[in-house]
Structures are given as C-alpha cells and as structure tokens.
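Here is the structure we will look at.
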Amino acid sequence: MPLSSAATLNTRVAGESRQLSPAAAFLLLASLTVSFLAGSSAPTPLYGVYMAEWGLTPLMITLIFGIYALAVLAALLVAGRLSDHLGRKPVLLTTTLAQALTMVLFVTATGLTGLLIARVLQGLTTGAAVGAIGAAMIDLNKTRGTVANAVAPPFGTATGAIVAGVLVQYLPFPTHLVYVVFGLVFIMQAIGLLFMTESISPRGGVLASLKPRLSLPRATREPLLLATPVLVAVWALAGFYGALSPMLVKGMLGVNTPLIGGLALFVLAACGGLSVLVFQHREPKDMMIFGVMSLFVGVAIAVLSLPYNSIAGFFLGTAIAGVGFGAGFQGAVRTVVPFAAAHERAGVLSIIFIISYIAMGVPAVAAGWMIAQQENILVTAQIFGAVIMALACTALLGSVLRSVTQRGIARQKS
C-alpha cells in the first residue's frame, strides 16, 4: 500500500475512533435535556432570596417564570424545525454554548431586569434545543429515545431544584455558585458534542424552516388531539409548582430556606421521572388515563391540606400528582411521536413542547396576578387546583371515550 494511502487510512481511522459511540452519544443527549431543564428550574429555590434581597413581589416572580416559558414558545415557533434541515449537531452545539452564556447573565444580574434578560435568553436557547435533542435521541434509538424524551425533562427539573437548593442553602455565594456550576456543565457538554456524529443528513430549506409553522404530519394529528388535554393538565401543574410552591411551603412551615423552597418542585418532578421508568412498558393510552387519575387525586390531597397547614398531606399529594405528571406526559409523547418520520420528529416534538409551555407559563403568570390582587396565596392555590382538577377530568373523559370508541370499531371489524 502506498505511504500516502496508508497515512490517509490511518487519519480516517483515528478520526473515527475519536467519535462518540451511539451509546455514549445517547447518554450525552439525555444529559443535555437534564441540564437544560435543571438550569431552568435552578432559580426556583432562589426566589425567596431574590424577594428578600431585591424586594421582588410574587407577581414579579411569576413574571420571571412566565417570560421564560414565552421565550421557549417563541424559539419553538421559529427554530423548532431547524435541526431537521441544518442537522442536530450544529443546533445543539450553538444552544449549549448559549446556555453557558445565560449562566453568566444570571451571575451578573443585580435585579429584576437582569433576571428577565437571563430568563429570556435561557428560554430561547432551551426552545431551540429541546426538539433537536429529542429528535436526535429518537434517531439513535426510537424506543429508548421516546422513553428518554418523557423521563429526562422531569428528572432535569428535579435535579435543578434540589441541586440549587443544596448549593444555595449550604455553600457561599448563594446567588452565584449554582449558576457557575451549571455553566461549567454546559461547557463540558459542548466539548462532548464536538465528538458526536451527526445523526441525519442536512437538507435544504434552512431559512424556510425559520418561518413559524404549526402544520403537523397527517399521521400525528389525531394522536396529538387526544394527547393535548393531558399535556395542558400536567404542565399547568408544573408551572404552578415552579413559580409558587416555595411561597406555599414557606407559608405552611413559617421558614424561608432555599432547600425547603425547592423541595416541593423536586418531589413533583422526581416522582414524575420515576413513574416514567416504572410504567414505560405500558400502553400509551393506559398511561394517559392512569396519569390524569393520579393527577386529580394528588392535586385534591395537596389542596385540601393547605388550610390545615399539613405539610405531610401537601407533600403526599405532590408525590401522587408527580406520578400523574410523569405518566401523563409519557403517555402523551408516546401517543404522538412514533407516527412522525425522521425528518419530521423535531417539528412534532416542538409542537408538543409549544402546547406544554403555553400550559405552563400562562396559568403561572395568571396565578401571580391573582396573588397581587387578593394578597392571598391560599385562595389562589385552591382556585388553581380546582382548574387543574377540571382539566384532568376533561382529559380523562376524552381518553376513556376514545378507548371505548376504538374497542367498538375493533369489534365491528371482527
């Protein structure tokens, strides 16, 4: 073999050896979802600190939370399908580095304006990334990718709440250290992405993909219609806990510690993640029915415990509602995504997340406005709980009717 050919072959082999294996790439992608969602929930335990040091009101806190959700929504509308055309890797590398920059903005924030700017950039980069991450995992393994798309977000949310709570509670520089830690994580993940192989072939239409479009592949339309009430119910609950649970826990315990403030969101999200793992082999429609039933029961217990300052009852209800959150979200994702082709997955996942983030952001801001008007978080929590329970009933009714209809059609055919 000529020396030049041998050198070329050795270079090619060396380059391939530096690429991540599919299993390692899958783990990296799953870790990205966890870190993106963890970063988004990291401010939750700090809300009490911000209120004490900077004089922020409950309405301002929900605005900080809600503007993140609206920024995610905007990015999903504009860049949700970008990775279907440009490729997964360039989108993920850019957004991960932008997340590291977001952590710098949090560190340098000195008031409401700085927090709002950081949350907007965080929302934009998360919205641009979540569809690409989810689609890339399904590209590598359709079955495991679908499950990971459901389990990683709640585990990420739980991780951010508890890690931030511990760092803020026990280590110095409470409004800085947690963001420095997450910033370093994002930088390491960006380095890992350099060694990940692109999972799809880029295609034309990059600029056209940036034009907001909510069209769905025909095969996914009916499944998404079935899943939408479930998505709205579970993410409205997540929004309420993300924005206001620290104030609820503070009112019941009479303490304002960051770790306790983030504990309710941690319990909700962690139980959601565990339920995804435990029930991952069940049928999607069964998952959605079980999820909304658990959601209804859990919210009822949590709301009923509030007037009695029963912290045990509140966390029991939160755990049960968390199981419903995870089961319902997994059932919804698994109902829709498998019907999408490879170059449609990021767009379909983006629409799922658009619905989810609208359901998460708008009610949370509305709850903050109600607290500002009534100055009574207990009444607001009871009204919000009643709305979520009504949504759960609607979702349950739709799922049951759909299941009965399908059985009737199957009997007629047989």
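THR57 - would you say it is polar (S, T, N, Q) and over 22 Å from LEU167 (Cα atoms)?
yes
Can you pull out the residues in segment 275-289 that are of a type outside the set (Lys, Arg) and touching a helix residue (DSSP H, G or I) at 6+ places or on another chain (Cβ under 7 Å)? Spell out how you get there, then give the answer.
Of the residues in segment 275-289, the ones of a type outside the set (Lys, Arg) are 275-281, 283-284, 286-289.
Selection gives SER275, VAL276, LEU277, PHE279, GLN280, PRO284, MET287, MET288, ILE289.
For the subset of segment 335-374 comprising residues that are surrounded by fewer than 20 Cβ atoms within 10 Å (Cβ to Cβ) and of a type in the set (Phe, Trp, Tyr), which member is farthest from the chain's Cα centre (by Cα)?
If we take residues in segment 335-374 being surrounded by fewer than 20 Cβ atoms within 10 Å (Cβ to Cβ) and of a type in the set (Phe, Trp, Tyr), then TRP369 is farthest from the chain's Cα centre (by Cα).
Could you list all residues from segment 55-74 that are farther than 18 Å from GLY114 by Cβ, at pLDDT below 85 and open to solvent by 40 Å² or more (accessible area, probe 1.4 Å)?
Of everything in segment 55-74, nothing turns out to be farther than 18 Å from GLY114 by Cβ, at pLDDT below 85 and open to solvent by 40 Å² or more (accessible area, probe 1.4 Å).
Where in segment 140-213 are there helices (runs of 4 or more DSSP H), lying fully within it, with 1 or more residues that are at pLDDT below 85, β-branched (Val, Ile, Thr) and closer than 23 Å to VAL104 by Cβ?
Result: 142-170.
Does segment 18-40 contain any residue that is on the phi < 0 side of the Ramachandran plot, more than 25 Å from the chain's Cα centre (by Cα) and at pLDDT below 85? So that I can check it myself, show each step before the final result.
To start, the set of residues in segment 18-40 that are on the phi < 0 side of the Ramachandran plot comprises 18-40.
Narrowing further to those that are more than 25 Å from the chain's Cα centre (by Cα): 18-21.
Right, trim to at pLDDT below 85 and you get 18.
Yes, some residue in segment 18-40 is on the phi < 0 side of the Ramachandran plot, more than 25 Å from the chain's Cα centre (by Cα) and at pLDDT below 85.
Which residues, taken from segment 81-111, are open to solvent by 20 Å² or more (accessible area, probe 1.4 Å), closer than 12 Å to VAL206 by Cα and outside any helix (DSSP H, G or I)?
The answer is ARG81, and nothing else.
Any idea which of (1) open to solvent by less than 40 Å² (accessible area, probe 1.4 Å); (2) under 17 Å from ASN309 (Cβ atoms) is the one GLY272 doesn't satisfy?
(2)
Of VAL292, VAL249, VAL267, which residue is touching a helix residue (DSSP H, G or I) at 6+ places or on another chain (Cβ under 9 Å), open to solvent by 10 Å² or more (accessible area, probe 1.4 Å) and in contact (Cβ under 8 Å) with a residue 12 or more places away in the chain? I'd like the intermediate steps shown before the answer.
On the way: VAL292 fails: open to solvent by 10 Å² or more (accessible area, probe 1.4 Å); VAL249 fails: open to solvent by 10 Å² or more (accessible area, probe 1.4 Å).
That would be VAL267, the only listed residue that is touching a helix residue (DSSP H, G or I) at 6+ places or on another chain (Cβ under 9 Å), open to solvent by 10 Å² or more (accessible area, probe 1.4 Å) and in contact (Cβ under 8 Å) with a residue 12 or more places away in the chain.
The values are calculated or read from the model by the stated rules, or taken from the named source; none is laboratory data. Everything quoted here is computed from the prediction, not taken from an experiment. Every residue, glycine among them, receives a Cβ derived from its backbone with ideal geometry; neighbour counts consider all protein chains shown. Areas reflect the complete protein model, heavy atoms only, side chains present, ligands, DNA and RNA absent. Shrake-Rupley method; radii C 1.70, N 1.55, O 1.52, S 1.80 Å.
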